[in-house]
Structures are given as C-alpha cells and as structure tokens.
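Computed from the coordinates by the stated procedures, all read-outs in this text should not be read as laboratory data. Treat the numbers as computed from the prediction; the structure is a model and nothing was measured. Note: ideal-geometry Cβ built from the backbone for every residue, glycine included; neighbour counts use all protein chains shown.
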Amino acid sequence: MTNTHKAAALILAGLFATGVAQAKTAAPAKPAATAKIATPKPKISMASAKRIALRLAPGKIKKSEYEKEGGGYRYSFDIQQKGHIQEIGVDAMTGKVVQNKSEGKTDTDKGKPDHD
C-alpha cells in the first residue's frame, strides 16, 4: 500500500469513527405524534348533563360522549324522540346548553369521524 493510500485510509477511518461517535451521543428525537394533550376534567358530571339534556328533549339516549368541539369540551347526547333524533350539547364546564338541533329521522352524524 502506498503512502497516499495509507493516508486516505486513515482519513476515512477517522471520519467514520467521528460520525459513529456523534451518532451514539445524539439524543433520539421524540415523534410529535406521540405527544398527548391532557383532556380537562369536566366541572359537571355526565349524569348532571344527561338530566339537563333530557329536560329539553325527553326520550331515550341513543349515544352519549364527552368531546372537544368548538374550542371547548362538552357532553353530546343523541336522544331518540318520536320520529326523530335530537342532538343536545351541554358545556362540560358550565352546564350551559350549547347545541339543541334535530338530526332528522336517523342520526346524521353516524359514520362521521368525531371532532378533536
């Protein structure tokens, strides 16, 4: 091996060793998708929200959920009434009714993804 080849081999070996050392000391990046945002604890209970909803729309609750919608958290209830489904949204922090709409004869939200 000539001196030129030896020098090139030493330079490459040095570069390789430096790269390996840097790779071992670098902290692994955390993927953004795994970060969880805490859901706030509601100030009113699901049971209280159900009572509020059923006072406005007496019937049988077909679906209920705690969800984030419109910048805040709420309870949402789909209530089967005579001939249609009524959706009632109750703010989880205040107990105020934030939605009261008819969804027609069947649940028009069925099959749609929930809002974040």
Quiz prompt | Subset of segment 74-98 [within 17 Å of Pro58 (Cβ to Cβ) and of a type in the set (S, T, N, Q)] | solution = Gln80, Gln81, Gln86
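Return the residue satisfying two criteria in turn: it lies in segment 73-87 and is over 12 Å from Lys105 (Cβ atoms) and touching a residue at least 24 places away in the same chain (Cβ under 8 Å), and of such residues it is nearest to the chain's Cα centre (by Cα).
Only one residue fits best here, namely Tyr73.
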